[in-house]
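What follows is a single structure, written as structure tokens, with notes after it.
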Amino acid sequence: MRTGTIERETKETQIKINVVLDGKGRADIDTGIGFFDHMLTALSVHSGISMTVKVKGDLHVDCHHTIEDTGIALGAALGQALGTKAGIVRYGTAYIPMDESLAMASLDLSNRPFLVFNCDFTNQSCGDYDLCMTEEFFRAFAFNSGMTLHINLLYGSNDHHKAEAVYKAVAHALKTAVTENSDGSTLSTKGVL
């Protein structure tokens, strides 16, 4: 079974994460930030990747360290579960509507981390979740999993819907990319990622 487990402890956060790529999207999420829990649950359910995410962070400061460090650890757990990345489809792209909002994510599990993030939010936050942290989360997630990730929010007016469309678009792109290919080969002209 393709799994990854990361425990990360700093002076700012204590994190325990487990991912199961073929786990049917069962989510057990507790970061102390309700809206972030909602987004990570959507990421798990819609990607089909089961995730246990337990985080204690310095929320008395703000949500920054908790969200960024969760991205670091979740990316590392995904990278661990993928191993050499042999035998996977590797690429995924998805457009996801959420009511009036539409988001697109396209990714490559290439071991060449990069993030392009074109998303504008109107408000500062949804609940205790600072919307500017959406980019920070996905940067940490992409760079620590070895993923090239492009996210474009095409349009929308409600920030909750916009953020949710983004997380679900990444989830559906990821679901395609982690799918095992038919012959177990590495999808690369180099023969290795």
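No value in this document is a laboratory result; all are computed from the given coordinates. No experiment lies behind these values; they were computed from the predicted model shown. Heads up, the Cβs are rebuilt from the backbone with ideal geometry, glycines too, and the neighbour counts pull from every protein chain shown.
Most mobile of G127, G57, G75 per a Gaussian network model of the chain (Cα springs, under 10 Å)? Of the options given, G127 has the highest mean-square fluctuation. Taking a ≥ b ≥ c as the square roots of the eigenvalues of the Cα gyration tensor, the range 76-156 is classed as prolate, since a/c reaches at least 1.5 and a/b is larger than b/c. Computed over the chain, the per-residue total of -39500 (n - 2.57) for DSSP H runs of n ≥ 4 gives a 222 nm mean residue ellipticity of -11000 deg cm²/dmol, rounded to 500.
What is the fewest-to-most order of S188, S101 by other Cβ atoms lying within 10 Å of their Cβ? Kindly include the intermediate steps, with their values, before the conclusion.
Values: S188 13, S101 21.
Ranked by crowding around the Cβ, least crowded first: S188, S101.
Only Lys, Arg, Asp and Glu carry charge here, each on its Cβ (+1 for the first two, -1 for the last two); on that basis the chain has a dipole of about 840 debye about its Cα centre. Pairs from the list K16/K168; K54/K85; K85/K168; K11/K85; K56/K168 with a Cα-Cα gap above 28 Å: K11/K85. What order do you get for L21, L102, L74, L40 when you list them from fewest to most C-beta neighbours inside 10 Å? Starting with the residue having the fewest Cβ neighbours, the order is L102, L21, L40, L74.
Here the chain carries DSSP beta bridges of which approximately 80% are antiparallel, counting only pairs with both residues inside. Which Cα, out of V89, F114, F36, lies furthest along the positive dipole direction of the chain (beta carbon charges, K/R +1, D/E -1)? The residue sitting farthest along the positive end of the dipole is V89. If you take the Cα centroid of the range 71-106 and the Cα centroid of the range 166-193, the two points sit 8 Å apart. Ranked for footprinting exposure by Cβ neighbours inside 10 Å, fewest first, V20, V55 give V20, V55. Restricting the range 1-97 to trypsin sites (Lys or Arg not before Pro) that sit in a DSSP loop and have at most 14 other Cβ atoms within 10 Å of their own Cβ leaves K11, K24, R26.
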